[in-house]
Amino acid sequence: GAVVSQHPSWVICKSGTSVKIECRSLDFQATTMFWYRQFPKQSLMLMATSNEGSKATYEQGVEKDKFLINHASLTLSTLTVTSAHPEDSSFYICSAPGQGPRISYNEQFFGPGTRLTVL
Amino acid sequence: GESVGLHLPTLSVQEGDNSIINCAYSNSASDYFIWYKQESGKGPQFIIDIRSNMDKRQGQRVTVLLNKTVKHLSLQIAATQPGDSAVYFCAETLMDTGRRALTFGSGTRLQVQP
């Protein structure tokens, strides 16, 4: 099946620094990718929709200037958490919907997640 | 914003028993539903899906039931195994919007006792 990877798998940073998380579709192209955030013992909450070649669409309450999204190619979307603070510590997960003749329309492929800890 | 201090409801079953995990979804217009399994520190893993024109779908050891009248989904796992221990989420979406983002339910932790 299709694979989505994320890098890094975990990161620890100091408060005030910026952190970039990469999401790659390894064997298929993804014009759209989704970024979710998951706090401990909670569900996944959609943060934004990343669109290749255009601006990301952010969900209500998500600061676009704090969570910068770049979808520069058909296989890569990046999420940059700028001026990170301890409350940004969370599990960040990306996903990409299946596209192309080999992949079911219905399928959505999730990355393994990135654990961000801000000290 | 997100709530803090939430605890996932937990279903504890004996190995070999059948498990039933329930989910109430939010949008009556949603027409596609998926169950995911999430192990600690990992991304969600697809289990089974169902479209709104169906009320039941079976997979290997799993069955999903959909009741659109009360906006309820259930996941039945037959002969539950220790490897089934994880958090289970239902998710809903609209297939024809072109964006296919998912809205996740609150999740249930399944603990399988050997």
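Every read-out reported here was derived from the displayed coordinates using simple, explicitly stated rules and does not represent laboratory data. None of the values given here were measured: they were computed from a predicted structure. Here the Cβ positions follow ideal geometry from the backbone for every residue, glycine too, while neighbour counts run over all protein chains shown.
Miscellaneous remarks
- 5 Å-binned pair-distance histogram of chain A (Cα, whole percent): 2, 13, 23, 25, 20, 11, 5, 2, 1
- Placing unit charges on the Cβ atoms of the charged side chains and taking the dipole of chain B about its Cα centre, the candidate lying farthest along the positive direction among B:Asn18, B:Met95, B:Ala78 is B:Met95.
- Computed from the C-beta positions of B:Met95 and B:Val70, the FRET efficiency with R₀ = 22 Å rounds to 0.55.
- As a ratio to 2.2 N^0.38 Å, the alpha-carbon radius of gyration for the protein assembly as shown is 1.02.
- Efficiency of FRET from Cβ geometry, B:Asn22 and A:Lys66, R₀ 41 Å, rounded to 0.05: 0.70
- Within chain B, DSSP assigns beta bridges of which about 85% are antiparallel (rounded to the nearest 5).
- Residues whose amide H lies under 5 Å from that of A:Ala56, counting only those 5 or more places away or on a different chain, are A:Asn51; hydrogens are built 1.01 Å from N in the peptide plane.
- Which of B:Asp31, B:Asp55 has the fewest Cβ neighbours within 10 Å, and the rest in rising order: B:Asp55, B:Asp31
- Taking θ as phi - 60° and the Karplus parameters 6.51, -1.76 and 1.60, the scalar couplings of the stretch A:80-88 work out to 10, 8, 8, 6, 5, 10, x, 6, 7 Hz in sequence order, x denoting glycine and proline.
- Placing unit charges on the Cβ atoms only, positive for Lys and Arg and negative for Asp and Glu, gives chain A a dipole magnitude near 160 debye about its Cα centre.
- For the stretch B:4-114, the relative contact order is 37 percent, taking Cα pairs closer than 8 Å that sit 6 or more residues apart in sequence and dividing their mean separation by the residue count.
- Cβ screening of the protein assembly as shown for cysteine pairs under 4.7 Å finds these without a partner: A:Cys13.
- Shape call, the stretch B:36-114: gyration tensor on alpha carbons, a/c limit 1.5: oblate
- In nm, spacing of pseudo-spin labels at A:Thr82 and B:Ser52 (7 Å Cα→C-beta vector): 3.8 nm
- Sequence of A:Leu44, B:Leu65, A:Leu116 once ranked by neighbouring C-beta atoms within 10 Å, starting from the fewest: B:Leu65, A:Leu116, A:Leu44
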